[in-house]
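Peer 1: First the structure, then my questions, so here it is.
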Amino acid sequence: MSLDRAPTRIAIRPATPDDAAAIAAIYRPYVERGTVSFETEAPDAGVIAQRMAASRGLYPWLVATEGEGGAVLGYAYASAFRDRSAYRFTIETTVYLETGTQGRGNGRQLYDALIDTVRAQGFTHAIGVIALPNDHSIRLHESVGFKRAGFFREAGYKDGRWIDVGYWHCDLNDATIPPMEPKPFSATGMVWNW
């Protein structure tokens with residue numbers, strides 16, 4: 001491994017509304033330059049803060065920072081997979097890194113922290129949705145336990161072309177009968193040391 005690709009010492013912590021501007025800045029290039037995100041207008045800090053608040057304390061938002069108190073290098077969050085009540089045990093996961101910081105292991109550490117958190121909350125399954133092709137994202141998802149589950153041809157249209165979408169699935173906890181309701185994010189007491 002070359003020195004410029006060496007892992008960065010990162011800290012992972014819950015995101016706060018104060019992180020909304022940094023999160024919006026990280027996400028902007030993914031929206032404006034490419035098809036990784038299907039959004040066509042990059043949300044500003046206010047919209048990101050609203051999305052964080054909409055998680056209602058149930059769905060975690062995490063940030064990776066350069067050391068303790070350093071700049072935000074990436075973020076990950078969970079959200080409802082679908083709105084109907086029967087889906088409440090399954091979440092969708094998302095992770096984004098600041099442009100140019102990929103390939104250093106930071107995404108893996110951040111995603112591991114998110115998966116550990118939603119597992120501790122008691123969610124049963126996680127779904128990753130990937131615009132294809134995207135070998136980086138596929139490798140990242142599979143490195144934390146996701147397996148390919150499905151494929152939709154030409155599911156989205158952006159930047160003058162049709163884009164395929166793949167679904168990846170990760171078992172988090174056993175599907176018991178009756179299922180246990182997932183705990184709020186704050187009830188996990190998670191601490192991440194990287």
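Peer 1: Would you please name the residue that is modelled with the lowest pLDDT, looking only at residues in the stretch 47-69 that are of a type outside the set (Asp, Glu), open to solvent by 30 Å² or more (accessible area, probe 1.4 Å) and assigned to a loop (DSSP other than H, G, I, E, B)?
Peer 2: The initial filter retains those residues of the stretch 47-69 that are of a type outside the set (Asp, Glu), namely 47-65, 67, 69.
Checking the rest, the ones that are also open to solvent by 30 Å² or more (accessible area, probe 1.4 Å) come to 47, 49-51, 53-54, 56-58, 69.
With the extra rule that they be assigned to a loop (DSSP other than H, G, I, E, B), the set shrinks to 56-58, 69.
Numbers: Arg56: 87, Gly57: 89, Leu58: 95, Gly69: 79.
Among those residues, the one meeting the criterion is Gly69.
This table checks each residue for (1) open to solvent by less than 60 Å² (accessible area, probe 1.4 Å); (2) within 20 Å of Tyr87 (Cα to Cα).
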{"position": "Phe123", "(1), (2)": "yes, yes"}
{"position": "Pro133", "(1), (2)": "no, no"}
{"position": "Glu142", "(1), (2)": "no, no"}
{"position": "Met180", "(1), (2)": "no, yes"}
{"position": "Ser186", "(1), (2)": "no, no"}
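Peer 1: Now, a different point. Within the stretch 72-110, how many residues turn out to be open to solvent by 50 Å² or more (accessible area, probe 1.4 Å), part of a helix (DSSP H, G or I) and in contact with a helix residue (DSSP H, G or I) (Cβ under 9 Å, 6 or more places away or on another chain)?
Peer 2: Qualifying residue count for the region: 1.
Peer 1: Can Asp4 be described as modelled with pLDDT of 95 or more and either open to solvent by 80 Å² or more (accessible area, probe 1.4 Å) or not charged (D, E, K, R) (or both)?
Peer 2: Values: modelled with pLDDT of 95 or more: no; either open to solvent by 80 Å² or more (accessible area, probe 1.4 Å) or not charged (D, E, K, R) (or both): yes.
Considered against the rule, which asks whether it is modelled with pLDDT of 95 or more and either open to solvent by 80 Å² or more (accessible area, probe 1.4 Å) or not charged (D, E, K, R) (or both), Asp4 comes out as no.
Peer 1: Can you tell me how many residues within the stretch 154-190 are at positive phi and not charged (D, E, K, R)?
Peer 2: So in the stretch 154-190, the residues at positive phi come out as 154, 159-160, 189.
Adding the requirement that they be not charged (D, E, K, R) leaves 160, 189.
Residues in the stretch 154-190 being at positive phi and not charged (D, E, K, R): 2 in total.
Peer 1: I need a count of the residues in the stretch 27-42 that are open to solvent by 10 Å² or more (accessible area, probe 1.4 Å) and either aliphatic (A, V, I, L, M) or touching a helix residue (DSSP H, G or I) at 6+ places or on another chain (Cβ under 8 Å) (or both). Before you say what the answer is, go through the steps one by one.
Peer 2: So the first thing to find is which residues in the stretch 27-42 are open to solvent by 10 Å² or more (accessible area, probe 1.4 Å), and the list is 27-30, 32-36, 38-42.
Of the ones still in play, those that are also either aliphatic (A, V, I, L, M) or touching a helix residue (DSSP H, G or I) at 6+ places or on another chain (Cβ under 8 Å) (or both) are 27, 36, 39-42.
Residues in the stretch 27-42 being open to solvent by 10 Å² or more (accessible area, probe 1.4 Å) and either aliphatic (A, V, I, L, M) or touching a helix residue (DSSP H, G or I) at 6+ places or on another chain (Cβ under 8 Å) (or both): 6 in total.
Peer 1: In the stretch 26-36, is there at least one residue being more than 19 Å from Ser137 (Cα to Cα), outside any helix (DSSP H, G or I) and not aromatic (Phe, Trp, Tyr)? Outline the logic, then answer.
Peer 2: First pass over the stretch 26-36, keeping only residues more than 19 Å from Ser137 (Cα to Cα): none.
The answer is no; no qualifying residue exists.
Peer 1: Determine the pairs where a residue that is in contact (Cβ under 8 Å) with a residue 12 or more places away in the chain and surrounded by 11 or more Cβ atoms within 10 Å (Cβ to Cβ), located within the stretch 150-162, has a partner that is outside any loop (DSSP other than H, G, I, E, B) and among the aromatic types (Phe, Trp, Tyr) with Cβ atoms under 6 Å apart, the partner being 6 or more residues away or on another chain.
Peer 2: As it stands, the answer is Gly150/Tyr167, since those pairs meet every condition given.
Peer 1: Continuing with the same structure: Residues that are aromatic (Phe, Trp, Tyr), farther than 19 Å from Tyr30 by Cα and in contact with a Cys (Cβ under 8 Å, 6 or more places away or on another chain): does the stretch 84-91 have at least one? Talk me through it step by step, then tell me what you get.
Peer 2: Filtering the stretch 84-91 down to residues aromatic (Phe, Trp, Tyr) leaves 87, 89.
Within this subset, residues satisfying the condition of being farther than 19 Å from Tyr30 by Cα are 87, 89.
Subsequent filtering for residues that are in contact with a Cys (Cβ under 8 Å, 6 or more places away or on another chain) retains none.
No, the stretch 84-91 has no match at all.
Peer 1: For the structure I just gave you, tell me whether Asn193 is at pLDDT below 95, open to solvent by less than 30 Å² (accessible area, probe 1.4 Å) and not acidic (Asp, Glu). Spell out the reasoning first.
Peer 2: Working: at pLDDT below 95: yes; open to solvent by less than 30 Å² (accessible area, probe 1.4 Å): no; not acidic (Asp, Glu): yes.
In short, no.
The values are calculated or read from the model by the stated rules, or taken from the named source; none is laboratory data. The structure presented is a predicted model; accordingly, all values stated were derived computationally and were not measured. Note: ideal-geometry Cβ built from the backbone for every residue, glycine included; neighbour counts use all protein chains shown. Accessible surface is based on the protein model in full, side chains and every heavy atom, while ligands, DNA and RNA are left aside. Shrake-Rupley method; radii C 1.70, N 1.55, O 1.52, S 1.80 Å.
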